[in-house]
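Okay, so here's the structure we're looking at.
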Amino acid sequence: MVKVAAVTGNEAVANAFRQIDPDVCAAYPITPQTDMMQRFSSFVSDGEVGTEMILVESEHSALSACIGASAAGGRVVTATCGPGLALMWEMLFIASGMRLPIVMPVVNRSLSAPLNIHCDHSDAMGARDSGWIQLWSENAQEAYDNTIQAFRIAEHLDIRLPVMVCLDGFIISHSIGRIEYLEDEEVKQFVGEYKPLNPLLDIEHPTSYGPLILPDFYMEYRRAHAEVMSKVPEVVLNVTKEFEKLSGRKYGFFENYRLNDAEIGLVILNSAAGTSKDVIDEFRERGIKAGLLKPRLYRPFPYKEIGNALKHLKAVCVLDRADAFGGSYGPLFIDILSSLYFHTKKPILINKIYGLGGRDYLPEHAELVMNELVEIAKSGKVKSVIEYIGVRE
Amino acid sequence: MKLKGWKEVEPGATVTEPGSSKKFKTGSWRTFKPKFIEENCIQCLYCWIFCPDMAVRLENSKMVGFDFEFCKGCGICALECPGKKGNKAIVMEEEGG
């Protein structure tokens, strides 16, 4: 029986963790992630899970403890956001380089200064090339579903890489939405028993983690890491198929929303995709062929599939909730541009920076962008490739 | 020795063979090497105690020289050596000098 509930994104993910009952969790509170780990700590205190909860003095220590616990042979989780993820920076590469399948929700938050606790994607975008897999989630349901699938992807014996599950701070983490929970037993069965690989606690087979690798070998390890990344997409698809059988909910590399016959389109991550889809429906009712692509698997980036999904459009706007100071374009735009570069027929691309530090993204913003795309599709002329949305002059 | 290619390296750079550091000869790092002057040695074994590797060779509990496959030439043994009547039993010399 499907259990429908009205919960926040944080509550949904905390419940996914409860159902999975990981061996170890080390975390440090940081808004807007705090409430997720607080809820999970309550599950630990109430004996609903057998997880060893390690309270640490910083995010650097949180991920360090997770790395140790994961190398020791445990199924390990943590969660963070914004500046917390920034403080984990050094350890991110250690977790991925040691091929430790840690699962970490990232409740997307802006970076300081100026100090701000609200949603944008600067945090996870900064960590996009740290060797972790990244799944992005539009709402609480997707955050919950992605969290459960993340374990299967991370722990797959051909992969063994850590996964970030991104969800928008406050907009999703603290807003109540409708969600369908799976039964505890279903989740446990889907995720399965954890199989450690070369665990430190296996004293019959001693293993050393973290040796010094000099110039004569370092590049071979990096090349091997890239190879593992290239195997991730297939595993992701297989896991989504199994998950669909269980839940009835279909996932892929990205969501294709009314794109197949579209002439203009938006590419946008996470919660703002929901707002955009409403506006796309309105444009469709007016006879304008509009569509949307919402990336889900952002690292590794499915360049080929995304390029194929967008190449037939006339004009596309990529909306970035992160800036790239001095890099000219937002990070998502650069990836979309790369995915289309090798196609001879491709849409005209523009880039908008929106929603920094929790600035609202409203339907009228999407309307303005889509009206501009209609004009570009007609005239072939672009006024400005990159612009900021909703900023005061 | 043929070095492993990227398809052969261990996942996560783990080392699963215990004691394999013995095979990793670190002596090539040396730019200075210790020279043992036996007549000044009082067999206090400070060099053996202080060596951060295990590069001081003992025979029958007596200092007899160095294992140059592992000695990195840090010079701690020469610094700590009390010698005899002010004359050091270990001095550092430039490698290849």
Practice problem: Considering each of A:Glu387, A:Glu372 in turn, give the residue that is farther than 30 Å from A:Ala113 by Cβ, in contact (Cβ under 8 Å) with a residue 24 or more places away in the chain, acidic (Asp, Glu) and in contact with a strand residue (DSSP E or B) (Cβ under 9 Å, 6 or more places away or on another chain). | Solution: A:Glu372
Exercise. Hey, could you check region A:209-237 for residues that are outside any helix (DSSP H, G or I) and open to solvent by 60 Å² or more (accessible area, probe 1.4 Å) and say which is nearest to the other protein chains (Cβ to nearest Cβ)?
Key: A:Asp216
Quiz item: Given the conditions (1) open to solvent by less than 10 Å² (accessible area, probe 1.4 Å); (2) part of a loop (DSSP other than H, G, I, E, B); (3) free of Cβ contacts under 8 Å to residues at least 60 places away in the same chain, and given that A:Pro32 satisfies all but one, which numbered condition is not satisfied?
Solution: (3)
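Out of the residues in region A:341-393 meeting the condition of being in a loop (DSSP other than H, G, I, E, B) and within 24 Å of the chain's Cα centre (by Cα), tell me which one is farthest from A:Glu263 (Cα to Cα).
For region A:341-393, the residue satisfying everything is A:Arg359.
Return the residues of region A:245-258 that are over 19 Å from the mean Cα position of the chain (by Cα) and either assigned to a helix (DSSP H, G or I) or buried (at least 21 other Cβ atoms within 10 Å of the Cβ) (or both); say none if nothing qualifies.
Initial filter on region A:245-258 (over 19 Å from the mean Cα position of the chain (by Cα)): A:245-248, A:258.
The answer is A:Lys245, A:Leu246, A:Ser247.
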Exercise. Out of the residues in region A:172-183 that are closer than 18 Å to A:Arg249 by Cβ and open to solvent by less than 80 Å² (accessible area, probe 1.4 Å), state the one that is nearest to the other protein chains (Cβ to nearest Cβ).
Key: A:Leu182
Quiz item: Can you name the number of the only condition in (1) closer than 23 Å to A:Pro199 by Cα; (2) free of Cβ contacts under 8 Å to residues at least 40 places away in the same chain that A:Gly47 fails?
Solution: (1)
Quiz item: Taking region A:324-340 only, how many residues are open to solvent by less than 50 Å² (accessible area, probe 1.4 Å), in a loop (DSSP other than H, G, I, E, B) and modelled with pLDDT of 95 or more?
Solution: 1
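Kindly state which strands (runs of 3 or more DSSP E) lie completely within chain B and contain at least 3 residues that are open to solvent by 90 Å² or more (accessible area, probe 1.4 Å).
none
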Quiz item: For residues in region A:185-201 being surrounded by 14 or more Cβ atoms within 10 Å (Cβ to Cβ) and touching a Gly at 6+ places or on another chain (Cβ under 9 Å), which is farthest from the other protein chains (Cβ to nearest Cβ)?
Solution: A:Tyr194
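The values are calculated or read from the model by the stated rules, or taken from the named source; none is laboratory data. Being a predicted model, the structure only gives us computed values, none of them experimental. A quick note on method: Cβ atoms are made from the backbone with ideal geometry, for glycine too, and the neighbour counts reach across all protein chains shown. To get the accessible areas, we keep the full protein, side chains included, count just its heavy atoms, and leave off ligands, DNA and RNA. Shrake-Rupley method; radii C 1.70, N 1.55, O 1.52, S 1.80 Å.
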